[in-house]
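Colleague: This is the structure I have questions about; it appears just below.
The values are calculated or read from the model by the stated rules, or taken from the named source; none is laboratory data. Just so it is clear, the structure is predicted and the values come from calculations on it, not from any experiment. Here the Cβ positions follow ideal geometry from the backbone for every residue, glycine too, while neighbour counts run over all protein chains shown.
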Amino acid sequence: MHGFSRRHTVEQALAWLDAQLHQLPAEEVPLREAAGRILATPVVSNVDVPGFDRATMDGYAVVADSTEGATSYNRVALKHVGDAMPGSPFHGTLAPGEAVRIMTGAPIPAGSNAVLPAEFVDACSGESSGSIAALATVSPGKNVGQRGEDIVHGTTLLDTGRVLRPQDLGVMSSIGIGHARVVRRPRVRLVITGNELLPAGSPPHGVHITDANGPMLEALAVRDGAVVDFPGLVRDDADAILTGMQADADVVIVSGGSSVGIEDLAPTLVASHGELAVHGVAMRPSSPTGMGRLGQRLVFLLPGNPVSALCAYDFFAGRAIRALGGRAKAWPYRSMRGTLTRKISSPIGRLDYARVRLSDGQVEPLSISGASLLSSTTRADGFVIIDQDSEGFPAGTDVDVWLYE
């Protein structure tokens, strides 16, 4: 066993990582599968929506001038010449003094220029005899939706890089698009190592502990847009770990065995079969973090302690997954300002990740150390970062809190 020969700063580690990142190629998926995906090309409409002038309420399509002077006391007779329904338009041309019964969304008949609402029409005795009575005046264009009032042909509706929302799919469908061109989701292989581990959901017993990192890391990667392959736990065996890391994936995340102990096999395997670019980072927790490449795969070596694994994922692996999938590299966490209730101390030269709890704008530090205490993250509302050039913050300082949400 030996210590780290050097520890990279977080900035150095991120600089190496960012130089490796590129957006994955695009693929086409059915529109119904595109929600939450990242749009790879702009969506430009080739049609007007609506593609015709249409009624915006139920009533009668008329020539507006034919209703001039109509009131409930001065009924104006109009000839009822037909009906217009959505998908079943009136095919004739309306003349002055004529009316077509029309439903909301139906095309406005040729010759008409307004819709007289049904409540301003007395049709009780007239339709069967071919006439109705207008009880109000309408102006030209009244209650008529114009062609293209929603979407005009040639309009760019959605830009590249957009996270597609359900309403976006509705708009795309409305202009006749059945497939979306989106960024391919990164394929992530999880290699969770440790002879002491039991599968998730197993009761811990004796000297064995239950895997916490697998479910946590899988959920984080899925949140960041990945397709995750997690076939099960891997024993502390060089061949088994190497096989896991050589999976068909864009990103390999190894949890456990990332330090410099006699069972910390992953760093040696990456260095022997690829490139170990970073091993050891000046941060707490997560100092044994490593990064490198095996062929085209980005490999992240995360500590086995759960809080360390969470922190290293957030700083490094999650950043890579988001960037490869076309998402913003930055944390997907909302931040807020709050006032520290007591001091947080940190040595110069190391970045610290402090879990905190919030109450009415007050920030209570919970923990910086205790990398194995995963429950500290469930009790916490978020975390505060103490930069490597800072000795911490005294009580009463306003700090930025990144919220677990």
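Colleague: One residue is enough: does region 311-325 have a residue meeting the conditions outside any helix (DSSP H, G or I), more than 25 Å from ILE192 (Cα to Cα) and touching a strand residue (DSSP E or B) at 6+ places or on another chain (Cβ under 6 Å)?
Modeller: no
Colleague: Sticking with this structure for a sec: In region 366-392, which residues are modelled with pLDDT of 70 or more and part of a loop (DSSP other than H, G, I, E, B)?
Modeller: The answer is ALA380, ASP381, ASP387, GLN388, ASP389, SER390, GLU391.
Colleague: Could you list, ordered by first residue, the pairs with Cβ atoms under 6 Å in which the first is in region 390-405 and at positive phi and the second is of a type outside the set (Asp, Glu), at least 6 apart or interchain?
Modeller: GLY392/ILE344; GLY392/SER345; GLY392/SER346; GLY392/ILE386
Colleague: May I pose another question? Looking only at region 201-217, decide whether some residue is in the same structural domain as SER272 (by TED's automatic domain parsing) and in contact with a His (Cβ under 9 Å, 6 or more places away or on another chain).
Modeller: Scanning region 201-217, I find at least one residue that is in the same structural domain as SER272 (by TED's automatic domain parsing) and in contact with a His (Cβ under 9 Å, 6 or more places away or on another chain), so the answer is yes.
Colleague: Just wondering, is there one or more residues in region 242-249 that are within 12 Å of VAL191 (Cα to Cα), free of Cβ contacts under 8 Å to residues at least 40 places away in the same chain, outside any loop (DSSP other than H, G, I, E, B) and in the same structural domain as TRP16 (by TED's automatic domain parsing)?
Modeller: Within region 242-249, one or more residues are within 12 Å of VAL191 (Cα to Cα), free of Cβ contacts under 8 Å to residues at least 40 places away in the same chain, outside any loop (DSSP other than H, G, I, E, B) and in the same structural domain as TRP16 (by TED's automatic domain parsing).
Colleague: Return yes or no: is LYS343 outside the structural domain of ALA266 (by TED's automatic domain parsing), in contact (Cβ under 8 Å) with a residue 12 or more places away in the chain and within 24 Å of MET245 (Cα to Cα)?
Modeller: Here the answer is no, as LYS343 does not meet what is asked.
Colleague: Something else: Considering only residues that are hydrophobic (A, V, I, L, M, F, W, C) and within 34 Å of the chain's Cα centre (by Cα), which ones fall in region 331-357?
Modeller: Within region 331-357, TRP331, MET336, LEU340, ILE344, LEU351, ALA354, VAL356 meet the criteria.
Colleague: Does region 191-201 contain at least one residue that is surrounded by 21 or more Cβ atoms within 10 Å (Cβ to Cβ), closer than 23 Å to LEU17 by Cα and of a type outside the set (Phe, Trp, Tyr)?
Modeller: yes
Colleague: Here's a follow-up. Collect the residues in region 220-241 that are in a helix (DSSP H, G or I) and under 19 Å from ALA323 (Cβ atoms), keeping them in residue-number order.
Modeller: Listed by number, the residues that qualify are LEU220, ALA221, VAL222, ARG223.
Colleague: Further question on the same structure: For ASP360, only one of the following conditions fails: (1) surrounded by 22 or more Cβ atoms within 10 Å (Cβ to Cβ); (2) at positive phi. What is its number?
Modeller: Just one mismatch for ASP360, condition (1).
Colleague: May I pose another question? Taking strands (runs of 3 or more DSSP E) that fall entirely within region 112-165, which contain at least 1 residues that are at pLDDT 95 or above and surrounded by fewer than 15 Cβ atoms within 10 Å (Cβ to Cβ)?
Modeller: So the answer is 156-158.
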